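**Student:** For reference, the structure I am asking about is given below.
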């Protein structure tokens, strides 16, 4: 009688995306595969897939005799895949000379093994209107999706490359300063690239023995690297102030004599797509004139001379002031007040 002698064999199994299967010719003789739980990337890298065959026959005494084959063990290799996307809801508004401006991205490990990724910014993109000045990449250490200076960790390539589990992701911030020359409506592209530390290349490229769990590492459909753009949009605003004067003399004319009343009109015009915060207009009372109390108006509505109320107008004895608040482009505000010639 021939005795079956069990023995162990081990191979590597590469669970590849469908797009790669047509590009690579290989056959793995497996009778049955047991799937590990990982819905997007497939069976986890390093998972052993074992199969043992059985044979049985009737013995001379009528008993059923069974024998087992050797166990064929196949190790699942690691697929290297990554995805990068901008997670800002749209262009991020900014202004000339603004500092510490933030664009937000997400890096996702789309492979089936634990993998670290290097991060690279690019602020000098072709085809946009200006190039921001790169400051640093920051990792969202506390995972709240918001850049927290002094809390989130500054990225240094090769020392704290994000290490992600399969399906794991991390939020990344690119911090930039805006130069002084962009104008309203200018747009700048800033790209974040991520690449697998194990290696990149054309899909199907293999790194022997470099996979998570002891198998090989195989480059997936992304080439094991990816990038995504984010955008700054300059939303600048400017204000111009036009002043005019109308004279009424005591005789019903327009001569400037003692007792004449001068009505000054100030028109503030805001242009651009940005916002001017806490806009305030002030005007000193000219020499040889006296301010006429309670003549200050905004958009035709009377303002008090005291700054103790909430109407925004005030006279401090030497000048008038009107607080206009935060104003965006394509708006005007008209202020009037009167003085009398001494």
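**Student:** In the list 319, 314, which residue meets the criterion of being under 45 Å from the mean Cα position of the chain (by Cα) and over 14 Å from residue 241 (Cα atoms)? Steps first, answer last, please.
**Tutor:** Working: 319 fails: under 45 Å from the mean Cα position of the chain (by Cα).
So the residue among 319, 314 that is under 45 Å from the mean Cα position of the chain (by Cα) and over 14 Å from residue 241 (Cα atoms) is 314.
**Student:** Is it the case, given these coordinates, that residue 277 is under 48 Å from the mean Cα position of the chain (by Cα), within 30 Å of residue 204 (Cα to Cα) and in a strand (DSSP E or B)? Break it down stepwise before answering.
**Tutor:** Numbers: under 48 Å from the mean Cα position of the chain (by Cα): yes; within 30 Å of residue 204 (Cα to Cα): no; in a strand (DSSP E or B): yes.
No: the conditions fail for residue 277.
**Student:** Inside the range 136-147, can you point out the residues that are assigned to a strand (DSSP E or B) and surrounded by 18 or more Cβ atoms within 10 Å (Cβ to Cβ)? So that I can check it myself, show each step before the final result.
**Tutor:** Here is the first cut: in the range 136-147, the residues assigned to a strand (DSSP E or B) are 136-139.
Within the range 136-147, 137, 138, 139 qualify.
**Student:** Please enumerate the residues belonging to the range 291-320 that are in a strand (DSSP E or B) and crowded, with 17+ Cβ neighbours inside 10 Å. Break it down stepwise before answering.
**Tutor:** We begin by selecting, within the range 291-320, every residue in a strand (DSSP E or B); these are 291, 297-298, 301-302, 313-315, 319-320.
Once the filter is applied, which keeps residues that are in a strand (DSSP E or B) and crowded, with 17+ Cβ neighbours inside 10 Å, the range 291-320 yields 291, 297, 298, 313, 314, 315, 320.
**Student:** Moving on. Given the conditions (1) touching a residue at least 60 places away in the same chain (Cβ under 8 Å); (2) assigned to a loop (DSSP other than H, G, I, E, B); (3) under 26 Å from the mean Cα position of the chain (by Cα), and given that residue 192 satisfies all but one, which numbered condition is not satisfied?
**Tutor:** Going through the list (1) touching a residue at least 60 places away in the same chain (Cβ under 8 Å); (2) assigned to a loop (DSSP other than H, G, I, E, B); (3) under 26 Å from the mean Cα position of the chain (by Cα), residue 192 breaks only (2).
**Student:** Restrict the check to the range 61-68 and report whether at least one residue is touching a strand residue (DSSP E or B) at 6+ places or on another chain (Cβ under 7 Å), modelled with pLDDT under 95 and surrounded by 14 or more Cβ atoms within 10 Å (Cβ to Cβ). Steps first, answer last, please.
**Tutor:** Looking only at the range 61-68, we keep the residues that are touching a strand residue (DSSP E or B) at 6+ places or on another chain (Cβ under 7 Å), and these are 64-68.
In the following step, the residues that additionally are modelled with pLDDT under 95 were identified as 64-68.
From what's left, surrounded by 14 or more Cβ atoms within 10 Å (Cβ to Cβ): 67.
Looking through the range 61-68, at least one residue is touching a strand residue (DSSP E or B) at 6+ places or on another chain (Cβ under 7 Å), modelled with pLDDT under 95 and surrounded by 14 or more Cβ atoms within 10 Å (Cβ to Cβ).
**Student:** Further question on the same structure: Mind telling me which of the residues 209, 252, 300 ends up being closer than 30 Å to residue 44 by Cβ, outside the structural domain of residue 177 (by TED's automatic domain parsing) and without any contact (Cβ under 8 Å) to a residue 40 or more places away in the chain?
**Tutor:** Details: 252 fails: closer than 30 Å to residue 44 by Cβ; 300 fails: closer than 30 Å to residue 44 by Cβ.
Just one listed residue meets the conditions, 209.
**Student:** Scan the range 148-178 residue by residue and report those that are surrounded by fewer than 19 Cβ atoms within 10 Å (Cβ to Cβ) and either in a loop (DSSP other than H, G, I, E, B) or at positive phi (or both).
**Tutor:** Matches in the range 148-178: 148, 149, 150, 151, 156, 157, 158, 159, 160, 165, 167, 168.
**Student:** So, one more: Name the single residue, out of those in the range 223-272 being outside any strand (DSSP E or B) and in contact with a strand residue (DSSP E or B) (Cβ under 6 Å, 6 or more places away or on another chain), that is nearest to residue 127 (Cα to Cα). Please lay out each step first, then the result.
**Tutor:** Taking the range 223-272 and keeping what is outside any strand (DSSP E or B), we get 223-224, 235-236, 249-260.
Still in the running and in contact with a strand residue (DSSP E or B) (Cβ under 6 Å, 6 or more places away or on another chain): 224, 235-236, 254, 256, 258, 260.
Numbers: 224: 26, 235: 19, 236: 21, 254: 58, 256: 59, 258: 64, 260: 61 Å.
It comes out as 235.
**Student:** Would you tally the residues in the range 99-122 being surrounded by fewer than 19 Cβ atoms within 10 Å (Cβ to Cβ) and outside any strand (DSSP E or B)? Explain how you work it out, then say what you get.
**Tutor:** Within the range 99-122, the first condition is being surrounded by fewer than 19 Cβ atoms within 10 Å (Cβ to Cβ), and the residues that meet it are 99-100, 102, 106, 114, 116, 118, 120, 122.
Next, from what is left, pick out any that are outside any strand (DSSP E or B): 99-100, 114.
Looking only at that region, the number is 3.
**Student:** Sticking with this one: Taking the range 254-285 on its own, how many of its residues are surrounded by 11 or more Cβ atoms within 10 Å (Cβ to Cβ) and modelled with pLDDT under 95?
**Tutor:** 6
**Student:** Farther than 29 Å from residue 85 by Cα and free of Cβ contacts under 8 Å to residues at least 24 places away in the same chain - does that describe any residue in the range 276-284? Break it down into steps so the answer makes sense when it comes.
**Tutor:** First, pick out the residues of the range 276-284 that are farther than 29 Å from residue 85 by Cα: 276-284.
If we keep only those that are free of Cβ contacts under 8 Å to residues at least 24 places away in the same chain as well, we get none.
Checked against the condition, which is being farther than 29 Å from residue 85 by Cα and free of Cβ contacts under 8 Å to residues at least 24 places away in the same chain, the range 276-284 yields no hits at all.
The values are calculated or read from the model by the stated rules, or taken from the named source; none is laboratory data. If you're wondering where the values come from, they're calculated on a predicted model, not measured in any experiment. Neighbour counts run over all protein chains shown; Cβ positions are idealised from the backbone, glycine included.
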